[in-house]
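A.B. asks: One structure, pasted below without further comment.
The values are calculated or read from the model by the stated rules, or taken from the named source; none is laboratory data. Quantities reported herein were computed from a predicted structural model and do not represent experimental measurements. Positions of Cβ are backbone-derived with ideal geometry, glycine not excepted, and every protein chain shown enters the neighbour counts. Accessible surface areas use protein heavy atoms only, side chains included; no ligands, DNA or RNA. Shrake-Rupley method; radii C 1.70, N 1.55, O 1.52, S 1.80 Å.
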Amino acid sequence: MDYKPHGVCSQKIHVDVDETGHIHNVYFIGGCNGNLQGISRLIEGMDIDEAISRLDGIRCGYKSTSCPDQLAQALKQLRE
(Lines give C-alpha, C1' and ligand atoms only; values in the text may rest on other atoms or scores of the structure.)
Protein backbone atom coordinates (compact mmCIF):
# COMPACT_ATOMS: atom_id res chain seq x y z
CA MET A 1 0.00 0.00 0.00
CA ASP A 2 1.11 3.53 -0.71
CA TYR A 3 -0.30 6.17 1.63
CA LYS A 4 -0.18 9.95 1.23
CA PRO A 5 0.42 11.40 4.71
CA HIS A 6 -1.12 14.70 5.81
CA GLY A 7 0.38 17.43 8.00
CA VAL A 8 3.95 16.06 8.03
CA CYS A 9 7.19 16.45 6.06
CA SER A 10 7.09 13.03 4.38
CA GLN A 11 5.22 12.83 1.09
CA LYS A 12 4.55 9.10 0.84
CA ILE A 13 4.60 6.02 3.04
CA HIS A 14 4.86 2.53 1.58
CA VAL A 15 3.94 -0.46 3.75
CA ASP A 16 3.01 -4.10 3.16
CA VAL A 17 1.12 -6.34 5.57
CA ASP A 18 1.18 -10.10 5.02
CA GLU A 19 -1.76 -12.48 5.42
CA THR A 20 -0.89 -13.08 9.09
CA GLY A 21 -1.07 -9.35 9.90
CA HIS A 22 2.67 -8.67 10.12
CA ILE A 23 4.32 -5.55 8.67
CA HIS A 24 7.00 -5.59 5.96
CA ASN A 25 8.74 -3.27 3.49
CA VAL A 26 8.08 0.06 5.19
CA TYR A 27 9.67 3.11 3.66
CA PHE A 28 9.02 6.83 3.65
CA ILE A 29 9.60 9.37 0.89
CA GLY A 30 10.70 12.67 2.43
CA GLY A 31 10.86 13.50 6.11
CA CYS A 32 13.69 12.92 8.59
CA ASN A 33 15.52 10.11 6.81
CA GLY A 34 17.46 8.62 9.72
CA ASN A 35 14.54 8.62 12.15
CA LEU A 36 12.16 7.16 9.58
CA GLN A 37 14.60 4.41 8.63
CA GLY A 38 14.81 3.55 12.33
CA ILE A 39 11.03 3.37 12.70
CA SER A 40 10.79 1.25 9.56
CA ARG A 41 13.33 -1.26 10.86
CA LEU A 42 11.83 -1.37 14.35
CA ILE A 43 8.37 -2.31 13.12
CA GLU A 44 9.53 -4.81 10.46
CA GLY A 45 7.74 -8.09 11.23
CA MET A 46 5.60 -6.51 13.98
CA ASP A 47 1.92 -7.32 14.30
CA ILE A 48 -0.19 -4.56 12.74
CA ASP A 49 -2.27 -3.99 15.90
CA GLU A 50 0.84 -3.72 18.07
CA ALA A 51 2.37 -1.14 15.72
CA ILE A 52 -0.85 0.91 15.66
CA SER A 53 -1.06 0.94 19.45
CA ARG A 54 2.56 2.11 19.74
CA LEU A 55 2.49 4.78 16.99
CA ASP A 56 -1.04 6.21 17.06
CA GLY A 57 -1.25 9.70 18.53
CA ILE A 58 2.46 10.59 18.48
CA ARG A 59 2.89 14.30 17.79
CA CYS A 60 5.78 16.16 16.14
CA GLY A 61 6.45 19.44 17.95
CA TYR A 62 3.49 21.77 17.57
CA LYS A 63 1.82 19.59 14.89
CA SER A 64 -1.22 17.50 15.73
CA THR A 65 0.34 14.49 14.01
CA SER A 66 3.74 13.01 13.08
CA CYS A 67 5.22 10.58 10.57
CA PRO A 68 4.78 7.67 13.05
CA ASP A 69 1.16 8.73 13.64
CA GLN A 70 0.58 8.91 9.89
CA LEU A 71 2.03 5.40 9.56
CA ALA A 72 -0.51 4.28 12.17
CA GLN A 73 -3.28 5.87 10.07
CA ALA A 74 -2.04 3.98 7.00
CA LEU A 75 -1.99 0.72 8.99
CA LYS A 76 -5.55 1.35 10.19
CA GLN A 77 -6.66 1.59 6.55
CA LEU A 78 -4.92 -1.70 5.77
CA ARG A 79 -6.60 -3.37 8.74
CA GLU A 80 -10.09 -2.48 7.49
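A.B. asks: Go through segment 64-80 and report how many residues are in contact with a helix residue (DSSP H, G or I) (Cβ under 9 Å, 6 or more places away or on another chain) and either loosely packed, with under 15 Cβ neighbours inside 10 Å or small (Gly, Ala, Ser) (or both).
C.D. replies: 4
A.B. asks: Any residue in segment 38-50 that's in a helix (DSSP H, G or I): show its pairings with residues that are small (Gly, Ala, Ser) at Cβ separation under 8 Å, as long as the two are six or more apart or on different chains.
C.D. replies: From segment 38-50, the pairs are Ile43/Ala51; Ile48/Gly21; Asp49/Gly21.
A.B. asks: Applying the selection to segment 15-54, what residues are within 12 Å of the chain's Cα centre (by Cα), closer than 15 Å to Arg79 by Cα and open to solvent by less than 30 Å² (accessible area, probe 1.4 Å)?
C.D. replies: Within segment 15-54, Val15, Ile23, Ile48, Ala51, Ile52 qualify.
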